[in-house]
Amino acid sequence: METPKNPHSPRYRIREGLNRLATVLRADEWTRAKAAGLNPTQLAILDLLEARPDGLSVKMIAAHLGVSQPSATDSINALEKKGHIEKRASAVDGRSVGVYLSPEGSAVLRQDATIDLTEQAIDCLDASEQQALLAMFIKMIRNLQEKDAIPVQRMCVTCRYFAPFAHSDAERPHHCHFVNAAFGQPELRIDCRDHEQADPTSRAATWARFQAG
Ligand code: SF4
């Protein structure tokens, strides 16, 4: 038991904090999903497919959502019945089946204008606090990805087009070679549709430059 003389570690407390925020996030997801006539897993699948014009396999959908393949299949079948997704030959591997967002599924996402409790909590942080928090999330997510604990996340820090701190402009220090433009720390992507994973050696070098600032 925690006492003033025997306090829990900061790690324990951070986990508690993340747990509380995850509860609010789940409540928000239920609210959004209910408004769309879906459950949270079904809505999460539409969100996932929205930025993936090449579709995803059932296996990858399950991995991204952290659910079993049978559970993902149930949700995909329900979405297909509603006309929100389509299954067809994969654009990446013609021998397998890909899952794609349909125009009807896109319309469901466009109707979603909920300002949720999670966003309200984020808005209580000022701009520099939000920027610092984003950088911390990127570090934690990258750590999990490099351990293969989660699927590839389409983040700038793992992208072959990313050049961190390539410019002297403090507002826009980074460079994206895909669009050939400078951008700032708040625009660092966690899920970019133009992302291409860099090789491990380049990723390590990019991360070292990013950390050095
Ligand atoms: S392509 Fe996307 S992920 Fe890659 S550096 Fe540019 S903005 Fe970042």
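What follows draws every value from the coordinates through simple rules; no lab data is involved. Bear in mind that the values here come from a model prediction, so they are computed numbers and not experimental data. No Cβ is skipped: glycine too gets one built from the backbone with ideal geometry, and neighbour counts run over all protein chains shown.
Name the shape class, rounded, prolate or oblate, that the alpha-carbon gyration tensor gives for the chain, where a ≥ b ≥ c are the square roots of its eigenvalues, rounded holds for a/c under 1.5, and otherwise prolate holds if a/b is larger than b/c and oblate otherwise.
Here the chain falls in the oblate category.
Relative contact order for the chain using alpha-carbon pairs under 8 Å, separation at least 6, rounded to a whole percent?
Relative contact order comes out at 15 percent.
Return the lysines within reach of Lys82: Cα separation strictly under 17 angstrom, same-chain partners fewer than 8 residues apart disregarded; answer none if there are no such residues.
Within the straight-line cut-off, Lys82 pairs with Lys34.
In nm, to one decimal, how far is the Ser68 label point from the Ala170 one, both placed 7 Å along Cα→Cβ?
In this crude spin-label approximation the distance works out to 5.4 nm.
Taking θ = phi - 60°, what integer Hz values does the Karplus form 6.51 cos²θ - 1.76 cosθ + 1.60 yield along the stretch 33-49, in sequence order, with x for Gly and Pro?
5, 4, 4, 9, x, 10, 9, x, 5, 5, 5, 4, 5, 4, 4, 5, 6
What value, in deg cm²/dmol to 500, does the helix sum -39500 (n - 2.57) over DSSP H runs of n ≥ 4 give at 222 nm once divided by the residues of the chain?
Calculated from helices alone, the mean residue ellipticity at 222 nm is -16000 deg cm²/dmol.
Using a Gaussian network model of the chain with C-alpha springs under 10 Å, which one of Arg172, Arg13, Arg110 is most mobile by mean-square fluctuation?
Of the options given, Arg13 has the highest mean-square fluctuation.
Listing Phe162, Phe178 from the residue with the fewest other Cβ atoms within 10 Å to the one with the most, what is the order?
Sorted ascending by nearby Cβ count, the order is Phe178, Phe162.
Along Cα→Cβ, 7 Å out, is where each label goes; now give me the distance between the ones at Ile150 and Ala89 in nm to one decimal.
Taking the two extended label points, one gets 3.5 nm.
Around Glu196, under 13 Å between beta carbons, what's the net of Lys plus Arg minus Asp minus Glu among the other residues?
Working: positive: Arg154, Arg160, Arg189, Arg193, Arg203; negative: Asp54, Asp194, Asp199.
Its environment carries a net charge of +2.
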